[in-house]
There are 2 protein chains.
Amino acid sequence: MKNLNIKDIAKLAGVGVSTVSRVINQHTDVKDETRKHVQEIIETYNYIPNNSARNLKRNESMDVGILIKGMYNPFFARMIQSIEKRLSSAGYSAIIHYNIEGNKDIDAANEFILEKKLKGVICLGGDFDKLTDQEIQRLGVPFILASTEIPENLNRSLFSSVIIDNEMAAYRAVKYLSDMGHNKIALITTGNEDKSIGTIRTQGYLRALSEQNIEKKENYFEVGAYTFETGYEAMCRLLEKANDITAVFAISDVMAIGAAKAMYEKGIKIPDDISLIGFDDIDYAEFFNPPLTTVHQPVEEIAESTADIMIGILDDNLKHQHIIFDTEIVIRNSCKQMNC
Amino acid sequence: MKNLNIKDIAKLAGVGVSTVSRVINQHTDVKDETRKHVQEIIETYNYIPNNSARNLKRNESMDVGILIKGMYNPFFARMIQSIEKRLSSAGYSAIIHYNIEGNKDIDAANEFILEKKLKGVICLGGDFDKLTDQEIQRLGVPFILASTEIPENLNRSLFSSVIIDNEMAAYRAVKYLSDMGHNKIALITTGNEDKSIGTIRTQGYLRALSEQNIEKKENYFEVGAYTFETGYEAMCRLLEKANDITAVFAISDVMAIGAAKAMYEKGIKIPDDISLIGFDDIDYAEFFNPPLTTVHQPVEEIAESTADIMIGILDDNLKHQHIIFDTEIVIRNSCKQMNC
DNA sequence: CTGAAAGCGCTTACAG
DNA sequence: CTGAAAGCGCTTACAG
């Protein structure tokens with residue numbers, strides 16, 4: 001069964017293709033009678049316009065692309081919803097595209113723009129380590145990076161960014177433990193494949209140690225990969241090689257919770273024996289037992305700012321801007337003052 | 001800065017557009033020298049072919065679409081990865097599309113097929129309540145439903161499905177509680193907006209009660225919406241209106257964990273005071289405290305079967321089939337024998 | 001091995 | 001209010 005095209009419908013309806021097109025696109029300048037008739041034909045034959053052809057011909061859309069890397073990020077679903085809502089109340093539509101791991105993000109953005117004739121692109125996550133000014137300029141539309149580390153060498157006037165200060169947040173988390181009297185603080189971080197966020201959070205940990213004059217110990221380090229299992233395994237290794245630790249900072253809640261499992265299995269009580277602090281404040285954190293002390297990510301705010309910047313640039317020729325949200329530690333019960 | 005098209009590249013390279021096209025598409029019949037030269041021009045000018053034009057012109061692709069409804073489903077990310085891997089080792093590519101809530105799934109499938117010239121479509125989740133044979137036939141390509149309830153009135157030879165028996169699984173979960181001596185078993189399910197899975201699991205609960213001659217009580221029912229918060233709130237209400245319950249069956253782990261939080265807050269111990277059983281066996285279930293007894297979803301198996309059926313139909317003219325996976329209860333520590 | 005030309009299915013001036 | 005025609009950027013026979 002061959003699919004009908006606009007020409008077939010025009011013939012069936014006894015009108016020109018332009019008229020069918022006008023009906024499809026809800027143009028007002030069609031006689032009511034004609035419109036109804038064409039609509040009937042369309043429904044009867046279940047005609048669906050071909051999007052490729054539309055995109056190809058169309059000079060312009062009202063669409064903003066959301067390019068996502070990292071399907072597992074627990075925040076992205078909520079951020080997308082929030083961004084989508086704002087964009088649409090400003091008259092724009094969001095088109096979501098998940099970029100495959102291993103695909104260069106800036107190239108994906110470019111293709112996305114060309115194919116969908118996008119008005120702008122928002123990136124959630126992604127690796128822009130080697131991004132150049134030239135590459136950004138080539139996009140030709142407003143470009144916003146959200147929740148990803150941005151290279152320092154870039155010309156800031158070419159793009160926007162909405163992030164948190166990961167280094168500072170990690171610093172504060174570790175400082176918090178230190179202030180509670182801990183000086184044997186292990187770190188569960190991510191490995192080399194994660195070039196951005198994990199590395200920066202590790203830097204915050206190191207700065208806190210050095211400012212508090214706490215010696216950095218090699219055996220206090222372990223590496224996972226943003227999953228429960230790897231957090232669990234990392235903690236098992238830590239308990240083997242560093243049985244004197246009194247606190248653990250995991251750079252993601254998911255890994256923190258995996259680590260907690262390892263402790264329970266060994267009969268180690270949180271926070272009585274070891275204090276545990278995570279990062280992200282995912283939904284689970286609050287519901288974990290004991291509720292997990294962690295660094296809160298202002299997910300809604302990031303999403304809303306991102307959308308607002310895009311809309312601002314598109315509507316008012318607002319300039320590009322760079323927003324860094326402050327983070328707060330959410331104190332729950334998984335950390336405890338050291339006995340003196 | 002205008003974007004270059006294939007014609008511009010052809011001119012710049014001093015060749016015809018067909019040659020550029022051949023280079024882009026890795027056809028073998030181009031002189032090495034020519035190919036290299038064209039490739040250089042493409043890189044220098046950072047030419048990116050327009051996908052809309054390609055899709056429009058192309059008669060056929062080697063792509064299978066994965067149409068997803070419900071970004072929050074914790075399993076879909078893993079399923080997609082698994083399906084993608086299998087498809088690609090059979091020579092097909094997966095194209096992922098997230099359908100927006102409120103959009104009719106069968107229409108989205110149709111558009112998707114037309115636009116991308118898909119060889120087949122796999123649906124993860126989605127609502128096919130009112131699907132008709134005619135609508136399936138109109139797609140014109142193999143159609144597989146995975147992890148979603150399928151209407152009974154459909155002609156089974158027109159599509160495939162890979163699911164678990166949700167009714168039986170829920171039945172067993174409740175039977176398990178009953179076998180442990182519980183007969184005051186509350187249910188946290190989903191509301192009317194969830195027409196498929198929630199309703200079926202509720203039916204399993206009801207059948208277990210009736211077969212065990214346990215009276216169904218209105219005040220043992222509460223409704224949430226697949227989130228922690230709604231699970232928590234549902235449990236709070238349950239504790240108000242049904243303080244004699246000894247067990248709770250939540251139709252999703254996420255809600256079960258929310259419910260657990262409510263119990264902790266009230267000083268109710270799991271499983272000593274109330275037993276708790278969930279559904280899904282999400283990663284977190286094992287790491288919860290106490291580890292959550294739940295119904296395991298064979299996620300990998302569902303994904304692999306789905307991919308294999310698609311490949312089979314595409315390659316060997318295999319027929320459509322309907323697979324129902326058996327589920328097992330994973331016994332952890334959140335349920336306890338009643339004292340007699 | 002290469003190029004000119006037709007055509008994929010639309011939208012949009014343009015003319016009426 | 002309506003239709004014929006050009007053209008979006010590609011791919012693919014076809015001819016050489």
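None of the figures in this text is laboratory data; all of them are computed from the coordinates on show. Source: prediction; values computed, not measured. Positions of Cβ are generated from backbone atoms using ideal geometry, with glycine treated the same way; all protein chains shown enter the neighbour counts.
Among residues other than B:Ala303 with Cβ under 11 Å from its Cβ, the summed charge is -2 (Lys and Arg +1, Asp and Glu -1).
Annotation: aspartates and glutamates with alpha-carbon distance below 16 angstrom to B:Lys116 (same-chain offsets under eight excluded): A:Glu111, A:Glu115, B:Glu60, B:Asp63, B:Asp107. A straight Cα-to-Cα reach below 12 Å connects A:Lys336 with the aspartates and glutamates A:Asp179, A:Asp272, A:Asp273, residues fewer than 8 places away in its own chain not being considered.
Scan chain B and report its longest stretch carrying no GluC sites (Glu not before Pro) that are both in a DSSP loop and have at most 12 other Cβ atoms within 10 Å.
Values: sites that count: B:Glu60, B:Glu101, B:Glu152, B:Glu193, B:Glu215.
By the stated rule (loop sites, at most 12 other Cβ atoms within 10 Å), B:216-340.
Ranked for footprinting exposure by Cβ neighbours inside 10 Å, fewest first, B:Ile309, A:Ile24 give A:Ile24, B:Ile309. Between copies, B:Lys216 shows label-point distances of 6.4 nm, shortest first, with the point placed 7 angstrom from Cα along Cα to C-beta.
Each residue of the range A:110-120 was assigned a 3J(HN,Hα) from its phi angle through the Karplus expression (A = 6.51, B = -1.76, C = 1.60, θ = phi - 60°), giving 4, 4, 4, 4, 4, 5, 9, 6, 5, 8, x Hz with x at Gly and Pro.
Sorted from fewest to most neighbouring beta carbons within 10 Å, what does the list B:Asp244, B:Asp29, B:Asp326 look like? Mind showing how you got there, number by number?
Working: B:Asp244 9, B:Asp29 6, B:Asp326 12.
Fewest-to-most ranking of B:Asp244, B:Asp29, B:Asp326: B:Asp29, B:Asp244, B:Asp326.
Spin-label model, B:Ile268/B:Asp32: points 7 Å from Cα along the beta carbon direction are separated by 7.6 nm. Between B:Asp133 and B:Glu40, the modelled label-to-label distance comes to 6.3 nm, taking each label 7 Å out from Cα in the direction of the beta carbon.
For B:His322, the residues whose modelled amide H falls within less than 5 Å of its own, excluding neighbours fewer than 5 places apart on the same chain, are B:Ser161. Ordering A:Ser147, B:Ser305 by the number of other Cβ atoms within 10 Å of each residue's own Cβ, fewest first, gives B:Ser305, A:Ser147.
Check which residues have an amide H placed less than 5 Å from A:Ala186's amide H, if you skip close sequence neighbours. Counting only residues 5 or more places away or on other chains, the set is A:Thr246, A:Ala247, A:Val248, A:Phe249.
The long axis of helix B:76-89 is offset from the longest Cα principal axis of chain B by roughly 40 degrees.
Under the rule of -39500 (n - 2.57) per DSSP H run of 4 or more residues, summed and divided by the residues of the protein assembly as shown, what mean residue ellipticity at 222 nm is obtained, to the nearest 500 deg cm²/dmol? Present the calculation step by step, with values, prior to reporting the outcome.
Details: 26 runs with 296 residues, N = 680.
Rounded to the nearest 500, the figure is -13500 deg cm²/dmol.
Helix A:197-211 axis versus longest C-alpha principal axis of chain A: approximately 30°, rounded to the nearest ten.
Got a sec? Which residues in the range A:83-120 would a label at A:Asp315 touch, if it sits 7 Å along Cα→Cβ and we count backbone N under 12 Å? Counting only backbone N, you get A:86-92.
The mean sequence distance of close C-alpha pairs (under 8 Å, at least 6 residues apart), as a share of the length of chain A, puts its relative contact order at 16 percent. Inter-copy label distances for A:Lys7: 2.1 nm (label point placed 7 Å from Cα along Cα→Cβ; shortest first).
Taking a label point 7 Å from the Cα of B:Glu300 along the Cα→Cβ vector, which residues of the range B:76-99 have an amide N closer than 17 Å to it? It comes to B:76-87, nothing else.
Do you know the relative contact order of the range B:6-49, to the nearest whole percent, from alpha carbon pairs under 8 angstrom that are 6+ apart? Intermediate values should be presented prior to the final figure.
Numbers: 31 pairs, mean separation 16.9, N = 44.
Dividing the mean separation by the residue count of the range B:6-49 yields 38 percent.
Would you mind computing the Rg to Rh ratio of the protein assembly as shown from its alpha-carbon coordinates, Kirkwood style for Rh? Show your work: numbers first, answer last.
Working: Rg = 27.8 Å, Rh = 27.9 Å.
Over the Cα atoms of the protein assembly as shown, Rg/Rh equals 1.00.
Within chain B, the proportion of C-alpha pairs whose separation exceeds 29 Å stands at 51%.
Angle check, please: helix B:166-179 long axis (alpha carbons) against the longest principal axis of chain B (alpha carbons), in degrees 0 to 90, nearest 10. Once rounded, the angle reads 30 degrees. When B:Thr227 is represented by a point 7 angstrom out along its Cα-to-C-beta vector, the spacings to that point in the other copies are 2.8 nm, nearest first.
Inter-chain Cβ neighbour count for B:50-58, averaged per residue, equals 6 (cutoff 10 Å, partner chain atoms only). The share of Cα pairs per 10 Å bin across the range B:129-281, counted from zero up to the longest distance, runs 11, 38, 28, 14, 8, 1 percent. Counting lysine pairs in the range B:166-296 whose alpha carbons fall under 21 angstrom apart, excluding pairs fewer than 8 residues apart on the same chain, gives 15. Distance between the C-alpha centres of the range A:271-340 and the range A:113-153: 24 Å, rounded to the whole angstrom. Short-range pairs are left out: with C-alpha atoms under 8 Å and at least six residues apart, the relative contact order of the range A:166-297 is 25 percent.
DSSP loop chymotrypsin sites (Phe, Trp or Tyr not before Pro) in the range B:180-250 with at most 11 other Cβ atoms within 10 Å of their Cβ, which ones?
Details: sites: B:Tyr205, B:Tyr220, B:Phe221, B:Tyr226, B:Phe228, B:Tyr232, B:Phe249; in loops: B:Tyr226.
Within the range B:180-250, no chymotrypsin sites (Phe, Trp or Tyr not before Pro) qualify (loop, at most 11 other Cβ atoms within 10 Å).
With a Förster radius of 60 Å applied to the beta-carbon distance between A:Asn339 and A:Lys11, the computed FRET efficiency rounds to 0.10.
Using the crude model of +1 on Lys and Arg Cβ and -1 on Asp and Glu Cβ, and no other charge, please compute the dipole size for the protein assembly as shown relative to its Cα centre, in debye to 20. Walk me through the numbers on the way to the answer.
On the way: 74 positive and 98 negative charges, 346 e Å.
About 1660 debye.
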